[in-house]
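The values are calculated or read from the model by the stated rules, or taken from the named source; none is laboratory data. Keep in mind that what you see is a predicted model, and the values were worked out from it rather than measured. Neighbour counts are summed over all protein chains in view; Cβ atoms, including those assigned to glycine, are modelled from backbone coordinates with ideal geometry. Side chains are part of the model used for accessible areas, which takes the heavy atoms of the whole protein and leaves out ligands, DNA and RNA. Shrake-Rupley method; radii C 1.70, N 1.55, O 1.52, S 1.80 Å.
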Amino acid sequence: MSEKARRRIDKGKKALAQKDFAAAGALFEEAVTLDKEAHAGWFGLGEVALAIGQPDTAAQFLEEAARLKPDMPRYLQRLGEVYGRDNRPEEGVRLIEAARRKAPRDTGVLASLSGAYVAAGDWPKAYEVLQELVRHSHPKAAHFCLLGLAAQGVGKMDAAVAAFRRATRMDPNYPDAWNALGHLHLSKNRLPEAEECLEHLFALAPQQASIFQLAGELEVARANWGEAARFFHVALEKEPNSRSLQARLALVLTLSGDALGAVDAMTRANEMGIPEDWILEQLGYLFVKRYDLDTAQKNLEMSVERNPDNLSALNTLFVVYSKQGKSALARETAETILQKDPEHISTLINMGGLCSDQARDREAIDYYRRALELAPESETAYSNYLWTVIHSSEHGSDEILQVARAYDEHICRKHLRHDDFADRDRDPERRLKIGWLTSDMRQHPVAAFVIPFLRFLDRQKLETTIYHNTALEDDNTRLAKMSVGKWREVQAIGDDALANLIRADGIDILVDLNGNTEGHRLLAVARKPAPVQVTWLGFPGTSGMSSMDYIFVPPDPVLEKGGWCTETPWPLADCYGVRTNIPNPPIQPGLPCERPGRPFTFACLNNFRKVSQRAIRLWSEILTRAQETRLILVARGGQDETLRAYIESQFARYGITPERLDIRGIVPMRAYFESYNEVDLGLDPFPFNGGTTGYDSIWMGVPFVTWPGDALVSRMGRIILKNVGLDELIAETPEAYVDIAVALSKDRPRLRALRANLRERMQTSPLMDAPRMARSLEEAFRGMWRRWVSADKK
């Protein structure tokens, strides 16, 4: 480089430092005119172009600088940053990775690389780089703040808290760190900790609107609507044109009962372009999330009154009516939506769900097919369709397989990554990393079957990680956290990011505990982030997915031979699952029918959606042959007259009068268990057997009759009965199912003998042996891993 050019560059750098961009640009331009190889001059021109908001021009100058001096880390870093801002994240990552190779300890390069990974959606790599940055350099509070954000991105919430706290200790006057920490605590409902952060923020930056907004959200979490409104008022004074703040203020004033203030706030929000019906709709949705369905209903009905064409509010109102069991209102609302928009996908799917809940399987399937004709790639329509066909006695395992394979073909397979896991240790006997993916590690049947064995898994053989896809947390969640090695909260990250996280964690075997149930992350599983993937518990049937290798089943020759699933069945040693912490209400002695005024009582305490048309026919035959008996049924909305009339009409076709049926709604847990003390003999539904209810029934001393089918969903009752020595209640044919039930209703001594000491038999069986289940799973995982290693070597 010529001396004249060098002097121009030095002067240009000084001018740039003083933000005299015109002078700096002129000096750098003179330098490259004097010497076209003056790479520092081209780089200076790039910096000036960025400073004056011309990124496209900057990219051209920086590309020339990097071409002339390809071993200069700063040039590669800067160009990579520009590419990242220009929606070229992969190119940006490639350049900054090259800069890192040349300057592995440069804090600026490492910080830029973490940002590039975030832009590319690769949170695990961003987290890894930031960990290196804070470990090997002289990190600043800002670096730990970035580390905390990356930790959140990979679901490591405890690590995020630790990083934000470290940032606040390094620089107690750093508001960004306190703000991030406060929001994180609030998201986890740690209200005292969030309040502590706010105290610091008010001392450091009392003029920032975002701080008053955080304070308002904290009061919303406490249901202190008046206080929340006060903070949102102040935030709006500082940002008067914020539509989101104005809408939030209108919501909390409504909740506080300040009618005049709410009207004023809604009027202002409306003037800013926010419709009043939208505000009421959001209020309704807020209460749905809080499980306050009555208040949600009121707000959604007001929303629809103000705007009858708000189909989103109508659809949410339909969901509320459905959850409340108000089936007539739900159906009427759906018809209103479909009159206005016959192709409203969500309503078609929701109507399918309503029909399925009422065992109207044919109607449900018609709705799902209509939805799929309009939206062939609707993941929700396929999931619900699959749920319905496994409940239906009119659809066999062949049709279930057809729907599951279509789900894979249209929804999942396009996401499959062809990863050979070349970096994975192929030692067949090494310690394995097991991942459990679920949204249900809380008060939920899945948690009831998983938590008992977690603490018994051998940590010398297995390292366990739970990927939890919900913000809901309760005592079960906390117990599960204490029982595993690692915990990731992943509800806030997308499917690509979740798959990347599982891959970066080095998970060897991923167990999906949801299947096609609410809260699932099957599209992350579809990307095949682990060498071996297994489905279990949440959905008792095939996933149909190309990326799913195995399905856990109980020991059963019919299930083990396959043909009903796309996965390879892997039998567990004794049963399908274990439960230990079951509520312990007393069992009333004797048969309920021997109490004064009590008829012999059959019951199915499963949700009525499991009651297929064939079950109705066979149960009607049982009631016809066993006179002076009754049947208890449970349905969501069992007190709804329209639903009751429908259920009664289904039995009336076979001559069963309404007084023979005792139709009940969903009741609290304690009342549910006490209901078993009214039951003489249970009737297992088919083809979808009772799972959790089967365990509950035996626990409460009530045997049940089951008729196994040809798939997992219809062979759950069989394995429960075999484990407590009640093989004689397993019918081989539908005729035998009826005969067994009728015979037991007339042979009271035999029934008493079958019921004797059932709870004690269950307690000593594999159904409640958590350590035994842990050993069974360890053997299964080892066998799967050995098979994968062996196949990989061929």
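Below, the figures for the structure above:
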{"read-out": "Strands (runs of 3 or more DSSP E) (entirely within the range 554-636) containing at least 2 residues that are open to solvent by 50 Å² or more (accessible area, probe 1.4 Å) and in contact (Cβ under 8 Å) with a residue 24 or more places away in the chain", "value": "none"}
{"read-out": "Given (1) farther than 22 Å from T107 by Cα; (2) crowded, with 24+ Cβ neighbours inside 10 Å; (3) within 47 Å of the chain's Cα centre (by Cα), index of the condition A38 fails", "value": "(3)"}
{"read-out": "The range 664-682 - residue that is assigned to a strand (DSSP E or B) and open to solvent by less than 10 Å² (accessible area, probe 1.4 Å) and, of those, nearest to E594 (Cα to Cα)", "value": "L681"}
{"read-out": "Sole exception among (1) surrounded by fewer than 18 Cβ atoms within 10 Å (Cβ to Cβ); (2) closer than 30 Å to L498 by Cα; (3) among the basic types (K, R) for R67, by number", "value": "(2)"}
{"read-out": "Flag for F164 being part of a helix (DSSP H, G or I) and either open to solvent by less than 20 Å² (accessible area, probe 1.4 Å) or within 26 Å of V118 (Cα to Cα) (or both)", "value": "yes"}
{"read-out": "In the range 637-660, residue least open to solvent (accessible area, probe 1.4 Å) [restricted to those that are of a type in the set (S, T, Y) and out of contact with any Asp or Glu (no Cβ under 8 Å at 6 or more places or on another chain)]", "value": "Y646"}
{"read-out": "The listed residue being open to solvent by less than 10 Å² (accessible area, probe 1.4 Å) and more than 30 Å from G506 (Cβ to Cβ), out of G182, G155", "value": "G182"}
{"read-out": "Selection count where residues are in a loop (DSSP other than H, G, I, E, B) and among the aliphatic types (A, V, I, L, M), scope the range 534-553", "value": "3"}
{"read-out": "Test: residue in the range 188-195 that is of a type outside the set (A, V, I, L, M) and open to solvent by less than 10 Å² (accessible area, probe 1.4 Å)", "value": "no"}
{"read-out": "Only listed residue being among the aromatic types (F, W, Y) and open to solvent by less than 10 Å² (accessible area, probe 1.4 Å), chosen from F232, F287", "value": "F232"}
{"read-out": "Options V118, V129: the member that is touching a helix residue (DSSP H, G or I) at 6+ places or on another chain (Cβ under 9 Å), modelled with pLDDT of 90 or more and of a type outside the set (F, W, Y)", "value": "V129"}
{"read-out": "Hits in the range 285-313 (condition: modelled with pLDDT of 85 or more, more than 20 Å from E335 (Cβ to Cβ) and assigned to a helix (DSSP H, G or I))", "value": "L293, D294, T295, A296, K298, N299, M302, R306"}
{"read-out": "Qualifying residue in the range 781-793 (condition: open to solvent by 10 Å² or more (accessible area, probe 1.4 Å) and more than 34 Å from the chain's Cα centre (by Cα))", "value": "yes"}
{"read-out": "Within the range 167-179, tally of residues that are open to solvent by 40 Å² or more (accessible area, probe 1.4 Å), within 12 Å of F144 (Cα to Cα) and in contact (Cβ under 8 Å) with a residue 24 or more places away in the chain", "value": "4"}
{"read-out": "Residues of the range 235-267 satisfying the condition of being surrounded by fewer than 17 Cβ atoms within 10 Å (Cβ to Cβ) and either assigned to a helix (DSSP H, G or I) or among the small types (G, A, S) (or both)", "value": "E237, K238, R243, S244, G257, A259, L260, V263, D264, T267"}
{"read-out": "The range 488-511: number of residues that are surrounded by fewer than 23 Cβ atoms within 10 Å (Cβ to Cβ) and part of a helix (DSSP H, G or I)", "value": "5"}
{"read-out": "Criterion: buried (at least 20 other Cβ atoms within 10 Å of the Cβ) and without any contact (Cβ under 8 Å) to a residue 60 or more places away in the chain - qualifying residue of D361, D277, D309", "value": "D277"}
